[in-house]
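Take a look at the following structure, please.
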Amino acid sequence: MKSALIIDDHPVTHIGCGQLLRDLGYGEVFEAMTDRESYRLAEAHRPGLIVLDLGMPGPGGLKMIAPLLARASLAQILVFTMNEQPVFAAKALEAGARGYLSKNSAPDEFEAAVRTLEQGEIYLSHGLAIALASMRVGGAADPLASLTEREHQVLRLLGQGADLQSIADALFISYKTAANTSSILKRKLGVTNTSELIRLSIEAGVQ
């Protein structure tokens, strides 16, 4: 019997993905909303497929990939996330994931991704595959690696839920400096607003 594990902290995702997986013949679909529960279920049931959200609380989805594979080595991991930036797809594949799919995708693309992973192949949407290929050809570096220490500190604190004034107080800098650093981060990381910076920090597991 085919089995799958859905790891996401949003119940709606469990409902939607669970139904899609059952329609695809998965007789056992397990659900987890925390990293600890994810590891326990992966070790106990050794699912063939793991659907993982990058925006998990705690360590973040990227840092969960290796521990999950350590517990279920034969699992095919499909990252299912709102983050469509190619740098995160690259990081996920490097960590051991076999597919990367946006939550904005249609149900038939989810089905195609699952079928592709079942065949032992890697799945990326067409646009994301082109973006990744362009990154590799152009030798694009990880944008997170280009951050200064101050920028890294601000990004980490944003991911922890701090506002700009709290960040300024914690780092002993002015509010204006914190705001300017936030603007620089948006430009460097290719996002348009603070909420995207926060999500990026969480999903990348910035510490």
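The values are calculated or read from the model by the stated rules, or taken from the named source; none is laboratory data. All figures in this text were calculated on a predicted structure; none of them were measured in a lab. Here Cβ is always computed from backbone atoms with ideal geometry, including for glycine, and neighbour counts include all displayed protein chains.
Looking only at residues that are closer than 12 Å to Gly159 by Cβ and among the aliphatic types (A, V, I, L, M) in region 190-207, which one is modelled with the lowest pLDDT? I'd like the intermediate steps shown before the answer.
Here is the first cut: in region 190-207, the ones closer than 12 Å to Gly159 by Cβ are 194-207.
Keeping just the survivors that are among the aliphatic types (A, V, I, L, M) gives 197-198, 200, 202, 204, 206.
Working: Leu197: 82, Ile198: 82, Leu200: 76, Ile202: 75, Ala204: 71, Val206: 77.
Across region 190-207, the extreme among qualifying residues is Ala204.
In addition: Pick from region 1-25 the residues that are over 17 Å from the mean Cα position of the chain (by Cα) and buried (at least 21 other Cβ atoms within 10 Å of the Cβ): which of them is nearest to Ala97 (Cα to Cα)?
Per the stated criteria, the residue is Ala4.
Could you grab me the full set of residues in region 165-197 that are surrounded by fewer than 18 Cβ atoms within 10 Å (Cβ to Cβ), within 19 Å of the chain's Cα centre (by Cα) and hydrophobic (A, V, I, L, M, F, W, C)?
Listed by number, the list holds a single entry, Val191.
Where in region 153-205 are there helices (runs of 4 or more DSSP H), lying wholly inside it, with at least 2 residues that are of a type in the set (A, V, I, L, M) and over 19 Å from Glu84 (Cβ atoms)?
Details: elements: 164-171, 175-189, 194-204.
Those helices (runs of 4 or more DSSP H) span 164-171, 175-189.
For Leu54, state whether it is under 11 Å from Glu203 (Cα atoms) and aliphatic (A, V, I, L, M).
Values: under 11 Å from Glu203 (Cα atoms): yes; aliphatic (A, V, I, L, M): yes.
Considered against the rule, which asks whether it is under 11 Å from Glu203 (Cα atoms) and aliphatic (A, V, I, L, M), Leu54 comes out as yes.
List pairs: first in region 184-196 and touching a residue at least 12 places away in the same chain (Cβ under 8 Å) and within 15 Å of Val206 (Cα to Cα), second among the acidic types (Asp, Glu) and crowded, with 16+ Cβ neighbours inside 10 Å, Cβ under 8 Å, 6+ apart or cross-chain?
Correct list of pairs: Leu185/Glu151.
Take Leu144 and decide whether it is crowded, with 17+ Cβ neighbours inside 10 Å, of a type in the set (A, V, I, L, M), at pLDDT below 90 and closer than 23 Å to Leu21 by Cβ.
Working: crowded, with 17+ Cβ neighbours inside 10 Å: yes; of a type in the set (A, V, I, L, M): yes; at pLDDT below 90: yes; closer than 23 Å to Leu21 by Cβ: no.
Against the criterion (crowded, with 17+ Cβ neighbours inside 10 Å, of a type in the set (A, V, I, L, M), at pLDDT below 90 and closer than 23 Å to Leu21 by Cβ), Leu144 does not qualify.
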